[in-house]
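I have placed the structure first, in the form of C-alpha cells, so that the comments after it can refer back to it.
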Amino acid sequence: MDKTIKIILAILFFLCLIDMPYGYYQLVRFVALVGFTVLAYQANKQGKQTEMVIYGALALLFQPFFKIALGRELWNIVDVIAGIGLLISLFMNPKEGRN
C-alpha cells in the first residue's frame, strides 16, 4: 500500500508542473495530506522515526486548510523534490509495500 501511495503522489506532483486548473492543485493538496499522513502512520508503526517526521512535515506543508504561499516557482521545486524523494524511497526500501 505504501508503494502505491508513493507512486500516486509522485505522479500527482509531477503533473503539477503542467498548467492545470486551480481545483487540481486543491485536490493534490488534499490527497497529499491524506497520503503523507498514512505514510507517517505506517512509518511510526514500523519504528522508522525519521521517515515519520519527514512524512508528517510534508503532510503539514501540503495541507489545504492553512495554505503556505510559496509562489508557483517555489511550489514547482517542492513538487519535484517531493516526487523524486518518493520515487527514490521506493528503491531504498524494496520490501516496502508488499504488505
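Residues being closer than 14 Å to Gly83 by Cβ and either in contact with a Ser or Thr (Cβ under 9 Å, 6 or more places away or on another chain) or outside any helix (DSSP H, G or I) (or both) are represented in region 18-35 by at least one member. Residue-level analysis places Val80 outside the set of residues that are surrounded by fewer than 17 Cβ atoms within 10 Å (Cβ to Cβ), hydrophobic (A, V, I, L, M, F, W, C) and without any contact (Cβ under 8 Å) to a residue 24 or more places away in the chain.
Scanning region 56-68 for residues that are under 20 Å from Tyr25 (Cβ atoms), assigned to a helix (DSSP H, G or I) and touching a helix residue (DSSP H, G or I) at 6+ places or on another chain (Cβ under 6 Å) turns up Leu58, Ala59, Phe62.
Of the residues screened, Val34 is one that is under 13 Å from the mean Cα position of the chain (by Cα), modelled with pLDDT of 90 or more and surrounded by 14 or more Cβ atoms within 10 Å (Cβ to Cβ).
The values are calculated or read from the model by the stated rules, or taken from the named source; none is laboratory data. Here the structure is a predicted model, which is why all the values come from computation and not from measurement. Cβ sites come from the backbone with ideal geometry, for glycine too, and all protein chains shown count toward neighbours.
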